[in-house]
Structure formats: structure tokens, C-alpha cells
């Protein structure tokens, strides 16, 4: 894993990457122990992508990005991650 990713405050990825889906990439990072908050940017995510993202705790921000939607999502993801698990 890249040393840069080990200290990431938040990971922001498009769903369409050159070699694999963004959600697949995030799942691979999680299996390697990186649990930084993550935001996925899909165009029109199918239900299975929405459900998988929800299960993984990945925030979705759909294209087209409106105004400050991405900034708001990053703030929310980092805040939620910093708060830790509920319960």
C-alpha cells in the first residue's frame, strides 16, 4: 500500500477507474487495513452499488456534482469517521 494512502484523511474516487470499479478498489484497501473514510462518485449507481456502499460505510455523491456537494460529503465523512462506531 502506498505510504500516502496510509495517512489519508479521506479517499475520494470515481466509480469508473481504468482497471477496476472504485468500490472494488475501496474494498481492497479495507482488506489491507486502510479504514479512512471514503467517498465514491458514480453517475447513476445501480441499487447493488448503493447497497454495497452503504454496507461498507462509503458515502456516495452522484454526478453531476452540484455546488459544494463534494465538500459537504468530505466534511460529513471525516466527521462520521472521527466520531467512531455508535454504541
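Read-outs throughout are calculated quantities, based only on the coordinates presented, and are distinct from any laboratory measurement. Bear in mind the structure is a predicted one, so any value in this text is a computation, not a measurement. In this analysis, Cβ positions are derived from the backbone assuming ideal geometry, glycine residues included, and neighbour counts consider all displayed protein chains.
Here are the numbers for this structure:
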{"read-out": "Estimated inter-spin distance, residue 56 and residue 70, nm [label 7 Å along Cα→Cβ]", "value": "1.9 nm"}
{"read-out": "Residue order, fewest to most surrounding Cβ atoms within 10 angstrom, among 81, 35", "value": "35, 81"}
{"read-out": "Shape call, segment 15-87: gyration tensor on alpha carbons, a/c limit 1.5", "value": "oblate"}
{"read-out": "Pair residue 16, residue 32: separation of 7 Å Cα→Cβ label points (nm)", "value": "2.5 nm"}
{"read-out": "Packing-based exposure ordering (other Cβ within 10 Å, fewest first) of 59, 7", "value": "7, 59"}
{"read-out": "Selected from 13, 66, 34 as most flexible by GNM, with the chain as the system and alpha-carbon contacts under 10 Å", "value": "66"}
{"read-out": "Cα→Cβ-extended label distance, 7 Å offset, between residue 24 and residue 81, nm", "value": "2.3 nm"}
